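Have a look at the structure below before the remarks.
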Amino acid sequence: MSSPVTATNGAQFTGIATVEDAGLQGMITLRGDLSSKTLKAAVKAATGAEVPEQRKISVVEGGAAAWMSPDELLLLVPYGDAVAKTAELAQALKGEHALAANVSDARSYFRISGAGAREVLAKISPVDLSSQAFAPGDFRRSRTAQVAAAFWLEDGGEEDSFRLVCFRSVGGYMFQLLAGAAHPQSAVGVY
Amino acid sequence: MLILECPYCGVKAEETELAAGGEAHLKRFGPGSDEDQFHDYLFMRENPKGVHFERWRHANGCGKWFHAARCTTTLEVFGTYSAQTYEPPQEIKDKITAKRPGWSWREFSDGAK
(Lines give C-alpha, C1' and ligand atoms only; values in the text may rest on other atoms or scores of the structure.)
Protein backbone atom coordinates (compact mmCIF):
# COMPACT_ATOMS: atom_id res chain seq x y z
CA MET A 1 0.00 0.00 0.00
CA SER A 2 1.47 3.33 -1.01
CA SER A 3 1.17 6.25 1.39
CA PRO A 4 -0.32 9.54 0.21
CA VAL A 5 2.02 12.50 -0.34
CA THR A 6 1.40 16.12 -1.28
CA ALA A 7 2.44 17.59 -4.64
CA THR A 8 5.33 19.56 -3.14
CA ASN A 9 6.17 16.97 -0.48
CA GLY A 10 6.88 19.21 2.52
CA ALA A 11 8.66 22.00 0.64
CA GLN A 12 9.53 25.11 2.63
CA PHE A 13 11.02 28.54 1.87
CA THR A 14 11.78 31.46 4.14
CA GLY A 15 12.22 35.01 2.91
CA ILE A 16 10.14 38.03 3.87
CA ALA A 17 7.59 35.39 4.85
CA THR A 18 7.66 31.65 5.36
CA VAL A 19 6.00 29.61 2.65
CA GLU A 20 5.40 25.98 3.43
CA ASP A 21 3.52 22.99 2.18
CA ALA A 22 0.77 22.60 4.78
CA GLY A 23 0.57 18.86 4.32
CA LEU A 24 -2.36 16.57 3.66
CA GLN A 25 -5.74 18.09 4.35
CA GLY A 26 -9.14 16.51 3.92
CA MET A 27 -11.29 18.74 1.72
CA ILE A 28 -14.87 18.23 0.66
CA THR A 29 -16.67 20.33 -1.91
CA LEU A 30 -20.31 20.71 -1.01
CA ARG A 31 -22.82 22.24 -3.38
CA GLY A 32 -26.42 22.88 -2.52
CA ASP A 33 -28.83 25.40 -1.05
CA LEU A 34 -26.83 27.05 1.75
CA SER A 35 -29.97 28.32 3.47
CA SER A 36 -31.39 24.82 3.86
CA LYS A 37 -31.72 23.57 7.46
CA THR A 38 -30.78 20.02 6.47
CA LEU A 39 -27.60 21.25 4.83
CA LYS A 40 -26.69 23.43 7.80
CA ALA A 41 -27.14 20.47 10.15
CA ALA A 42 -25.10 18.20 7.87
CA VAL A 43 -22.23 20.72 7.72
CA LYS A 44 -22.31 21.07 11.50
CA ALA A 45 -22.24 17.30 11.92
CA ALA A 46 -19.37 16.78 9.48
CA THR A 47 -17.05 19.61 10.49
CA GLY A 48 -18.38 21.03 13.77
CA ALA A 49 -18.47 24.44 12.06
CA GLU A 50 -21.47 26.60 11.19
CA VAL A 51 -22.27 27.51 7.58
CA PRO A 52 -20.20 30.69 7.07
CA GLU A 53 -21.39 34.12 6.02
CA GLN A 54 -20.62 35.41 2.54
CA ARG A 55 -16.82 35.49 1.90
CA LYS A 56 -16.06 34.11 5.37
CA ILE A 57 -14.65 30.93 6.82
CA SER A 58 -15.84 29.44 10.08
CA VAL A 59 -13.10 27.50 11.79
CA VAL A 60 -13.37 25.15 14.76
CA GLU A 61 -10.99 22.60 16.26
CA GLY A 62 -10.27 20.00 13.56
CA GLY A 63 -12.60 21.39 10.93
CA ALA A 64 -13.77 24.39 8.97
CA ALA A 65 -16.35 25.50 6.45
CA ALA A 66 -15.52 28.13 3.84
CA TRP A 67 -17.81 30.14 1.55
CA MET A 68 -16.87 29.46 -2.08
CA SER A 69 -19.92 30.82 -3.92
CA PRO A 70 -23.64 31.34 -3.20
CA ASP A 71 -24.21 27.60 -3.56
CA GLU A 72 -20.86 26.07 -2.69
CA LEU A 73 -18.85 25.40 0.46
CA LEU A 74 -15.39 24.00 1.01
CA LEU A 75 -15.30 21.81 4.09
CA LEU A 76 -12.02 21.06 5.82
CA VAL A 77 -11.80 17.82 7.79
CA PRO A 78 -8.90 15.64 8.93
CA TYR A 79 -7.35 13.88 5.92
CA GLY A 80 -8.10 10.36 7.15
CA ASP A 81 -11.79 11.15 7.75
CA ALA A 82 -12.53 12.69 4.34
CA VAL A 83 -13.93 9.56 2.67
CA ALA A 84 -16.18 8.66 5.60
CA LYS A 85 -17.36 12.25 6.09
CA THR A 86 -18.23 12.57 2.39
CA ALA A 87 -20.37 9.44 2.65
CA GLU A 88 -22.01 10.78 5.83
CA LEU A 89 -22.80 14.06 4.08
CA ALA A 90 -24.28 12.27 1.08
CA GLN A 91 -26.43 10.21 3.46
CA ALA A 92 -27.54 13.25 5.47
CA LEU A 93 -28.39 15.21 2.31
CA LYS A 94 -30.49 12.50 0.70
CA GLY A 95 -33.47 14.09 -1.00
CA GLU A 96 -31.83 17.54 -1.04
CA HIS A 97 -30.57 19.03 -4.29
CA ALA A 98 -26.96 18.82 -3.12
CA LEU A 99 -23.67 17.14 -3.88
CA ALA A 100 -20.67 16.33 -1.70
CA ALA A 101 -17.38 15.30 -3.30
CA ASN A 102 -14.08 14.39 -1.68
CA VAL A 103 -11.43 16.60 -3.32
CA SER A 104 -8.62 16.07 -0.78
CA ASP A 105 -6.20 14.66 -3.34
CA ALA A 106 -7.13 17.19 -6.00
CA ARG A 107 -5.86 20.18 -4.03
CA SER A 108 -2.59 21.62 -2.80
CA TYR A 109 -2.49 23.36 0.54
CA PHE A 110 0.01 26.01 1.69
CA ARG A 111 0.70 28.19 4.69
CA ILE A 112 2.18 31.67 4.30
CA SER A 113 3.21 33.21 7.59
CA GLY A 114 5.41 35.97 8.95
CA ALA A 115 5.63 39.74 8.83
CA GLY A 116 5.63 39.85 5.02
CA ALA A 117 2.76 37.41 4.49
CA ARG A 118 0.25 40.04 3.38
CA GLU A 119 2.76 41.46 0.96
CA VAL A 120 3.59 38.09 -0.58
CA LEU A 121 -0.07 37.49 -1.43
CA ALA A 122 -0.73 41.07 -2.46
CA LYS A 123 2.04 40.83 -5.08
CA ILE A 124 0.35 37.98 -6.90
CA SER A 125 -3.34 38.61 -6.34
CA PRO A 126 -5.73 41.47 -7.27
CA VAL A 127 -7.12 41.67 -3.74
CA ASP A 128 -6.95 44.46 -1.16
CA LEU A 129 -4.96 42.77 1.61
CA SER A 130 -4.58 45.73 3.97
CA SER A 131 -5.44 44.86 7.56
CA GLN A 132 -8.61 47.00 7.41
CA ALA A 133 -9.88 45.23 4.30
CA PHE A 134 -8.80 41.67 5.01
CA ALA A 135 -9.17 40.45 8.59
CA PRO A 136 -8.92 37.03 10.25
CA GLY A 137 -11.85 34.88 9.16
CA ASP A 138 -12.08 36.52 5.75
CA PHE A 139 -12.01 34.09 2.86
CA ARG A 140 -11.36 35.00 -0.74
CA ARG A 141 -11.38 33.08 -3.97
CA SER A 142 -9.32 34.84 -6.57
CA ARG A 143 -6.43 34.68 -8.96
CA THR A 144 -2.78 34.26 -7.97
CA ALA A 145 -0.59 35.17 -10.96
CA GLN A 146 -1.80 32.73 -13.60
CA VAL A 147 -3.87 30.28 -11.58
CA ALA A 148 -7.04 30.25 -9.49
CA ALA A 149 -6.68 29.94 -5.72
CA ALA A 150 -8.55 30.54 -2.48
CA PHE A 151 -7.01 31.88 0.71
CA TRP A 152 -7.94 33.03 4.16
CA LEU A 153 -6.33 34.63 7.17
CA GLU A 154 -6.11 32.49 10.28
CA ASP A 155 -7.29 33.73 13.64
CA GLY A 156 -4.97 34.75 16.44
CA GLY A 157 -1.19 34.67 16.67
CA GLU A 158 1.20 37.60 16.67
CA GLU A 159 2.06 37.31 13.00
CA ASP A 160 -0.24 37.04 10.02
CA SER A 161 -0.74 33.52 8.86
CA PHE A 162 -2.53 32.75 5.62
CA ARG A 163 -3.74 29.42 4.32
CA LEU A 164 -3.98 28.95 0.60
CA VAL A 165 -5.70 26.25 -1.44
CA CYS A 166 -5.16 25.63 -5.14
CA PHE A 167 -5.46 22.79 -7.63
CA ARG A 168 -2.91 20.04 -7.10
CA SER A 169 -1.95 20.17 -10.78
CA VAL A 170 -0.52 23.66 -10.21
CA GLY A 171 0.91 22.91 -6.73
CA GLY A 172 4.51 23.03 -7.92
CA TYR A 173 3.90 26.30 -9.75
CA MET A 174 2.17 27.76 -6.70
CA PHE A 175 5.08 26.95 -4.39
CA GLN A 176 7.62 28.52 -6.73
CA LEU A 177 5.36 31.51 -7.24
CA LEU A 178 4.97 32.08 -3.49
CA ALA A 179 8.67 31.49 -2.88
CA GLY A 180 9.54 34.00 -5.59
CA ALA A 181 7.17 36.58 -4.09
CA ALA A 182 8.76 35.94 -0.68
CA HIS A 183 12.33 36.49 -1.89
CA PRO A 184 14.32 38.04 1.00
CA GLN A 185 15.29 41.13 -1.01
CA SER A 186 11.85 41.74 -2.44
CA ALA A 187 10.17 43.60 0.44
CA VAL A 188 8.00 46.49 -0.73
CA GLY A 189 6.93 47.66 2.70
CA VAL A 190 3.34 48.57 1.86
CA TYR A 191 1.67 46.77 4.73
CA MET B 1 -8.68 48.80 -15.67
CA LEU B 2 -12.32 47.80 -15.55
CA ILE B 3 -13.65 47.01 -12.08
CA LEU B 4 -17.03 45.30 -11.77
CA GLU B 5 -18.80 44.31 -8.57
CA CYS B 6 -19.93 40.69 -8.70
CA PRO B 7 -23.60 40.67 -7.60
CA TYR B 8 -23.25 37.13 -6.20
CA CYS B 9 -20.25 37.49 -3.91
CA GLY B 10 -20.06 41.27 -3.55
CA VAL B 11 -16.42 41.33 -4.56
CA LYS B 12 -15.14 44.36 -6.46
CA ALA B 13 -13.42 42.25 -9.06
CA GLU B 14 -10.98 43.67 -11.53
CA GLU B 15 -10.82 42.61 -15.13
CA THR B 16 -8.20 39.88 -14.69
CA GLU B 17 -10.49 38.02 -12.32
CA LEU B 18 -13.33 38.05 -14.85
CA ALA B 19 -14.06 36.56 -18.23
CA ALA B 20 -15.99 38.55 -20.82
CA GLY B 21 -19.04 36.83 -22.28
CA GLY B 22 -20.13 39.19 -25.03
CA GLU B 23 -23.41 40.98 -25.45
CA ALA B 24 -26.21 40.59 -22.90
CA HIS B 25 -29.93 39.90 -23.34
CA LEU B 26 -29.69 37.96 -26.60
CA LYS B 27 -32.89 36.21 -27.50
CA ARG B 28 -32.23 32.79 -28.93
CA PHE B 29 -33.82 31.80 -32.23
CA GLY B 30 -33.40 28.06 -32.66
CA PRO B 31 -35.40 25.35 -34.43
CA GLY B 32 -38.61 26.64 -35.95
CA SER B 33 -37.36 30.17 -36.56
CA ASP B 34 -36.76 31.46 -40.06
CA GLU B 35 -33.34 32.05 -41.60
CA ASP B 36 -33.31 35.81 -41.11
CA GLN B 37 -34.08 35.51 -37.41
CA PHE B 38 -31.40 32.86 -36.97
CA HIS B 39 -28.90 34.94 -38.91
CA ASP B 40 -29.58 37.98 -36.75
CA TYR B 41 -29.37 35.95 -33.55
CA LEU B 42 -26.08 34.42 -34.59
CA PHE B 43 -24.26 37.34 -36.16
CA MET B 44 -25.83 40.71 -35.46
CA ARG B 45 -24.26 42.41 -32.46
CA GLU B 46 -24.45 45.90 -31.10
CA ASN B 47 -21.31 48.00 -31.28
CA PRO B 48 -22.48 51.14 -29.52
CA LYS B 49 -20.59 54.27 -28.65
CA GLY B 50 -22.00 54.80 -25.16
CA VAL B 51 -24.35 52.67 -23.08
CA HIS B 52 -23.77 48.95 -23.48
CA PHE B 53 -24.93 45.77 -21.74
CA GLU B 54 -22.59 42.83 -21.40
CA ARG B 55 -22.31 39.41 -19.85
CA TRP B 56 -19.36 38.67 -17.59
CA ARG B 57 -18.30 35.65 -15.60
CA HIS B 58 -16.51 35.81 -12.25
CA ALA B 59 -14.15 33.13 -13.55
CA ASN B 60 -11.45 33.35 -10.89
CA GLY B 61 -13.97 33.64 -8.09
CA CYS B 62 -17.45 32.30 -7.52
CA GLY B 63 -17.73 31.24 -11.17
CA LYS B 64 -21.16 32.83 -11.69
CA TRP B 65 -22.36 34.71 -14.76
CA PHE B 66 -23.72 38.22 -14.30
CA HIS B 67 -24.69 41.25 -16.35
CA ALA B 68 -23.00 44.63 -16.42
CA ALA B 69 -24.21 47.96 -17.78
CA ARG B 70 -21.42 50.29 -18.74
CA CYS B 71 -20.37 53.06 -21.10
CA THR B 72 -17.98 52.07 -23.87
CA THR B 73 -16.56 55.56 -24.32
CA THR B 74 -15.77 56.47 -20.71
CA LEU B 75 -15.53 52.95 -19.21
CA GLU B 76 -17.96 54.17 -16.55
CA VAL B 77 -19.86 51.29 -14.95
CA PHE B 78 -23.53 51.99 -14.23
CA GLY B 79 -24.09 48.78 -12.34
CA THR B 80 -24.06 45.00 -12.34
CA TYR B 81 -27.02 42.71 -11.87
CA SER B 82 -28.07 39.08 -11.80
CA ALA B 83 -27.98 36.95 -14.94
CA GLN B 84 -31.43 35.50 -14.17
CA THR B 85 -33.35 38.23 -15.96
CA TYR B 86 -34.54 39.03 -19.49
CA GLU B 87 -34.03 42.76 -19.20
CA PRO B 88 -32.07 45.24 -17.06
CA PRO B 89 -33.80 45.96 -13.73
CA GLN B 90 -35.50 49.34 -13.39
CA GLU B 91 -32.94 50.46 -10.83
CA ILE B 92 -30.11 50.02 -13.35
CA LYS B 93 -32.13 51.75 -16.08
CA ASP B 94 -32.73 54.70 -13.72
CA LYS B 95 -29.03 54.98 -12.96
CA ILE B 96 -28.24 55.13 -16.67
CA THR B 97 -31.02 57.65 -17.32
CA ALA B 98 -29.63 59.90 -14.60
CA LYS B 99 -26.26 60.04 -16.34
CA ARG B 100 -27.14 59.53 -20.01
CA PRO B 101 -30.63 61.00 -20.60
CA GLY B 102 -32.11 59.78 -23.85
CA TRP B 103 -30.08 56.59 -24.01
CA SER B 104 -31.29 53.59 -25.95
CA TRP B 105 -29.90 50.13 -26.63
CA ARG B 106 -31.72 47.56 -28.75
CA GLU B 107 -35.29 47.49 -27.39
CA PHE B 108 -34.36 49.18 -24.11
CA SER B 109 -34.33 52.93 -23.54
CA ASP B 110 -34.76 55.58 -20.87
CA GLY B 111 -38.55 55.31 -21.33
CA ALA B 112 -39.04 58.93 -22.46
CA LYS B 113 -40.96 59.38 -25.69
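Restricting attention to region A:30-43, does a residue exist that is among the aliphatic types (A, V, I, L, M) and either within 22 Å of A:Asp160 (Cβ to Cβ) or within 14 Å of chain B (Cβ to nearest Cβ) (or both)?
yes
Of all residues in region B:32-48, which are closer than 30 Å to B:Thr73 by Cα and acidic (Asp, Glu)?
B:Asp40, B:Glu46 - these are the residues of region B:32-48 that are closer than 30 Å to B:Thr73 by Cα and acidic (Asp, Glu).
Might you check whether a residue that is outside the structural domain of A:Pro52 (by TED's automatic domain parsing) and part of a loop (DSSP other than H, G, I, E, B) occurs anywhere in region A:161-174? Show your work before the answer.
As a first pass, look at region A:161-174 and keep what is outside the structural domain of A:Pro52 (by TED's automatic domain parsing): A:161-174.
If we keep only those that are part of a loop (DSSP other than H, G, I, E, B) as well, we get none.
The answer is no, given that none of the residues of region A:161-174 is outside the structural domain of A:Pro52 (by TED's automatic domain parsing) and part of a loop (DSSP other than H, G, I, E, B).
If I ask for residues that are without any contact (Cβ under 8 Å) to a residue 24 or more places away in the chain and not in a strand (DSSP E or B), which ones from region A:142-156 would you list? First the steps, then the outcome.
From region A:142-156, those without any contact (Cβ under 8 Å) to a residue 24 or more places away in the chain are A:142-143, A:148, A:153, A:156; that's our starting set.
A:Gly156 - this is the single residue of region A:142-156 that is without any contact (Cβ under 8 Å) to a residue 24 or more places away in the chain and not in a strand (DSSP E or B).
Filtering region B:13-54 down to residues that are without any contact (Cβ under 8 Å) to a residue 12 or more places away in the chain and in a loop (DSSP other than H, G, I, E, B), which residue is nearest to B:Phe108 (Cα to Cα)?
Let us first name the residues in region B:13-54 that are without any contact (Cβ under 8 Å) to a residue 12 or more places away in the chain, namely B:30-40, B:42-44, B:47.
Adding the requirement that they be in a loop (DSSP other than H, G, I, E, B) leaves B:30-34, B:44, B:47.
Numbers: B:Gly30: 23, B:Pro31: 26, B:Gly32: 26, B:Ser33: 23, B:Asp34: 24, B:Met44: 17, B:Asn47: 15 Å.
Here the answer is B:Asn47.
Are any of the residues in region A:73-90 under 16 Å from the mean Cα position of the chain (by Cα), farther than 17 Å from A:Thr8 by Cα and within 14 Å of chain B (Cβ to nearest Cβ)? Show your work before the answer.
Here is the first cut: in region A:73-90, the ones under 16 Å from the mean Cα position of the chain (by Cα) are A:73-79, A:82.
With the extra rule that they be farther than 17 Å from A:Thr8 by Cα, the set shrinks to A:73-78, A:82.
Now drop any that are not within 14 Å of chain B (Cβ to nearest Cβ), which leaves A:73-74.
So far as region A:73-90 goes, yes, one or more of its residues are under 16 Å from the mean Cα position of the chain (by Cα), farther than 17 Å from A:Thr8 by Cα and within 14 Å of chain B (Cβ to nearest Cβ).
Determine which single condition B:Leu75 fails, assuming it passes every other condition in (1) on the phi > 0 side of the Ramachandran plot; (2) in contact with a strand residue (DSSP E or B) (Cβ under 8 Å, 6 or more places away or on another chain); (3) surrounded by 10 or more Cβ atoms within 10 Å (Cβ to Cβ).
(2)
The values are calculated or read from the model by the stated rules, or taken from the named source; none is laboratory data. Computed from a predicted structure; not experimentally measured. Cβ atoms come from the backbone with ideal geometry, glycine included; neighbour counts cover every protein chain shown.
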